[in-house]
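Take a look at the structure below.
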Amino acid sequence: MTRPQSARPESPVERFFLPQPLQLATVEQAAVELDGSEAHHLLHVLRAKVGDRVGLFNGQGDEAIAELVNHRKRSAELQILDRWTTPAETDELILATALPKGDRARWLVEKATELGATRIIPLRTARSVVEPGEGKMDKLAQAAIAACKQCGRSRLPRLDPLTTLSDVFREFSAALPSRILLLADPRAERNVRQLFESFGDGLQSTIALIGPEGGFTVDEHSAAIAAGATPVRLGSHILRIETAALAISAAWEFRSSTKQPA
């Protein structure tokens, strides 16, 4: 099965995020309103004029072509001329990962979004040094939106609140044959490519556990194995958190993009 395309070829380069249902203009609703930072970018950075056309997406699969019909200083009115829905991915990559410091967490979310991760779960572990508050989580959500705008993706990854390892195990330990729980471990015998190849096209859901800079503790590692996790190497060296997330995402995306059509 091939991965769904997220935008029509004729859609414009500039895309804007509007978190609401996108419907063709009707008598009841002739226009939709874009405000906040998205309107600022359209009106004051791109200096769009009435009659210009842009792309819209709502992060849930709906996309549209819209025309600027009116604007004020901080908002823009757009008339939707065409709309379509991109199917949801049938292959799922969930990154359950400790977060690195500073802008590295934003970079992790941005690149994982570009590579198609469907869900990102920030982990609280014994050696975690970053426990994001509301402000940090908002910045990570904005990073995912920006990445979708840039790469043409129409569906935002789900970004969970800070979650404990035990909660992750409770949700995912009852793995089905089409689901696998991975544990990033530089000492593992098998690498991630070999593991993906061993499942062939039957693997539809991958959950990857990525620890903090100091790694998972012995107890956490044992608990992951007991929950059904398979240890995998991601390369020849010990990787930083965001590099490990990128390595798994890239291997998964390559596998998904080369699957044979059904």
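The values are calculated or read from the model by the stated rules, or taken from the named source; none is laboratory data. If you're wondering where the values come from, they're calculated on a predicted model, not measured in any experiment. No Cβ is skipped: glycine too gets one built from the backbone with ideal geometry, and neighbour counts run over all protein chains shown.
Tell me the residue from Arg74, Arg106 that is in contact with a helix residue (DSSP H, G or I) (Cβ under 7 Å, 6 or more places away or on another chain), charged (D, E, K, R) and buried (at least 19 other Cβ atoms within 10 Å of the Cβ), please.
Working: Arg74 fails: buried (at least 19 other Cβ atoms within 10 Å of the Cβ).
When all the criteria are applied, what remains is Arg106.
Which one is nearest to Arg255 (Cα to Cα), of the residues in region 206-229 that are surrounded by fewer than 18 Cβ atoms within 10 Å (Cβ to Cβ) and among the polar types (S, T, N, Q)?
If we take residues in region 206-229 being surrounded by fewer than 18 Cβ atoms within 10 Å (Cβ to Cβ) and among the polar types (S, T, N, Q), then Ser222 is nearest to Arg255 (Cα to Cα).
Which of the residues belonging to region 82-103 are surrounded by fewer than 22 Cβ atoms within 10 Å (Cβ to Cβ) and within 15 Å of Ala208 (Cα to Cα)?
Result: Asp91, Glu92.
Output the number of the condition that Gln29 fails; it satisfies all remaining conditions of (1) closer than 26 Å to Ala143 by Cα; (2) out of contact with any Leu (no Cβ under 7 Å at 6 or more places or on another chain); (3) not aliphatic (A, V, I, L, M).
All conditions are met except number (1).
Restricting attention to region 120-135, does a residue exist that is farther than 15 Å from Ala251 by Cα and of a type in the set (S, T, N, Q)?
Keep residues of region 120-135 that are farther than 15 Å from Ala251 by Cα, which gives 120-135.
Subset that is of a type in the set (S, T, N, Q): 125, 128.
Yes, region 120-135 contains a residue that is farther than 15 Å from Ala251 by Cα and of a type in the set (S, T, N, Q).
Looking at region 41-69 only, could you name the residues that are in contact with a strand residue (DSSP E or B) (Cβ under 7 Å, 6 or more places away or on another chain) and at positive phi?
Gly51, Gly59, Gly61
Here is a check on your reading of the model: is Leu99 part of a loop (DSSP other than H, G, I, E, B) and in contact (Cβ under 8 Å) with a residue 60 or more places away in the chain?
Working: part of a loop (DSSP other than H, G, I, E, B): yes; in contact (Cβ under 8 Å) with a residue 60 or more places away in the chain: yes.
So Leu99 fits the description; yes.
Need pairs with beta-carbon distance below 6 Å; first residue without any contact (Cβ under 8 Å) to a residue 60 or more places away in the chain and of a type outside the set (Gly, Ala, Ser) and within region 61-74, second surrounded by 14 or more Cβ atoms within 10 Å (Cβ to Cβ) and assigned to a loop (DSSP other than H, G, I, E, B); sequence gap 6+ or separate chains.
Between residues of region 61-74 that are without any contact (Cβ under 8 Å) to a residue 60 or more places away in the chain and of a type outside the set (Gly, Ala, Ser) and residues that are surrounded by 14 or more Cβ atoms within 10 Å (Cβ to Cβ) and assigned to a loop (DSSP other than H, G, I, E, B), the close pairs are Leu68/Ala48; Leu68/Asp52; Val69/Ala31.
Are any residues in region 182-205 surrounded by 20 or more Cβ atoms within 10 Å (Cβ to Cβ) and either at pLDDT 90 or above or touching a Cys at 6+ places or on another chain (Cβ under 7 Å) (or both), and if so, which ones?
Leu182, Leu183, Ala184, Asp185
Which strands (runs of 3 or more DSSP E) does region 150-240 wholly contain that include 1 or more residues that are outside the structural domain of Asp62 (by TED's automatic domain parsing) and at positive phi?
On the way: elements: 179-184, 205-210, 230-232.
Of the strands (runs of 3 or more DSSP E) lying wholly inside region 150-240, none has at least 1 residues that are outside the structural domain of Asp62 (by TED's automatic domain parsing) and at positive phi.
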